[in-house]
Amino acid sequence: MSYAVRKSYALHKNDENYYFLRDKRDRKFLIDFLGGKCAGCGYSKDIRALQLDHKNSDGKKDRDRLGNRVTRYYVKHLEEAKEKLQVLCANCNTIKRIQYEENPQQPESSLSTALCVEREKTALF
Ligand SMILES: [Zn+2]
């Protein structure tokens, strides 16, 4: 961590708004880094409807491991972010979550594929 960043952290140690804005900035950075649009349907109009999704639905593991520092962690580990995360819009993320809840025995890595198949079906209409 550079001196400037360390100094900035020290300055804002007790400033909740600072952390809110930093998390927001980190989230935007990661979404842009990962393509800036939904991996399911291509939606990119409003970043507020885009979410960082764990491709293999193993977000719980990360939350247990990193608490509320998941975004901050991946900003510093971009290769890992590329491997594990994708951007989904709120709709596609909800569909993926329901598919997983309905078929938890389904191999997790095929969930993204299932989402793409769903998208192709939709595209036919
Ligand atoms: Zn989508």
Answer residue from the range 64-95, given it is within 16 Å of the ligand (Cβ to nearest atom) and surrounded by fewer than 18 Cβ atoms within 10 Å (Cβ to Cβ) and is nearest to residue 26 (Cα to Cα) among those: 90
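Every residue, every condition in (1) closer than 19 Å to residue 73 by Cα; (2) modelled with pLDDT of 85 or more; (3) away from the ligand (no atom under 16 Å from the Cβ); (4) surrounded by fewer than 16 Cβ atoms within 10 Å (Cβ to Cβ), yes or no:
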{"residue": "1", "(1), (2), (3), (4)": "yes, no, yes, yes"}
{"residue": "8", "(1), (2), (3), (4)": "yes, no, yes, yes"}
{"residue": "14", "(1), (2), (3), (4)": "no, no, yes, yes"}
{"residue": "20", "(1), (2), (3), (4)": "yes, no, yes, yes"}
{"residue": "25", "(1), (2), (3), (4)": "yes, yes, yes, yes"}
{"residue": "32", "(1), (2), (3), (4)": "yes, yes, yes, yes"}
{"residue": "42", "(1), (2), (3), (4)": "no, yes, no, yes"}
{"residue": "52", "(1), (2), (3), (4)": "yes, yes, no, no"}
{"residue": "62", "(1), (2), (3), (4)": "yes, yes, yes, no"}
Pairs with Cβ under 8 Å, 6+ apart, first in the range 58-77 and touching a residue at least 24 places away in the same chain (Cβ under 8 Å), second outside any helix (DSSP H, G or I) and not acidic (Asp, Glu): 71/52; 74/52; 74/85
Unmet criterion (only one of (1) within 16 Å of the ligand (Cβ to nearest atom); (2) modelled with pLDDT under 95) for residue 102: (1)
Selected residue [within 24 Å of residue 101 (Cα to Cα) and out of contact with any Cys (no Cβ under 9 Å at 6 or more places or on another chain)] from 56, 17: 56
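The values are calculated or read from the model by the stated rules, or taken from the named source; none is laboratory data. Worth saying up front: this structure is predicted, and the values here are computed from it rather than measured. Neighbour counts are summed over all protein chains in view; Cβ atoms, including those assigned to glycine, are modelled from backbone coordinates with ideal geometry.
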